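The structure under discussion appears below in the form of structure tokens.
The values are calculated or read from the model by the stated rules, or taken from the named source; none is laboratory data. Since the structure is predicted, the reported quantities are computational estimates derived from the model, not experimental observations. Cβ placement follows ideal geometry from the backbone for every residue including glycine, while neighbour counts extend to all protein chains displayed.
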């Protein structure tokens, strides 16, 4: 069960990454699997599975920004897209879509 939930979380992050960078899914998959965020997410001792998808996406984008060997050109504007909403210092997702000010 936990593996299935983790797989879905990773899939959603990869979908968001492909959408933001406007790249195909295979390239997004390769980029995601090359990050430290993926490694930490795969290990339950770090608790990254509890973080929101947007928070993890921002971590991935930050890693890619710092790694100039990946050749990603749109990363300088990534913060605008991937910054999660915060509520009293906590990252909050809006799965029901109530916040329309995106």
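Scanning the stretch 16-72 for residues that are modelled with pLDDT under 90, outside any helix (DSSP H, G or I) and either under 17 Å from residue 3 (Cα atoms) or touching a strand residue (DSSP E or B) at 6+ places or on another chain (Cβ under 8 Å) (or both) yields 43, 47. Evaluation of residue 83 against the conditions (1) at pLDDT below 90; (2) surrounded by fewer than 16 Cβ atoms within 10 Å (Cβ to Cβ); (3) closer than 24 Å to residue 4 by Cα; (4) within 13 Å of the chain's Cα centre (by Cα) shows that the sole unmet condition is (3).
Taking the residues in the stretch 8-39 that are exposed (fewer than 14 other Cβ atoms within 10 Å of the Cβ) and in contact (Cβ under 8 Å) with a residue 24 or more places away in the chain as candidates, determine which candidate is nearest to residue 67 (Cα to Cα). Applying the filter and picking the extreme gives 36.
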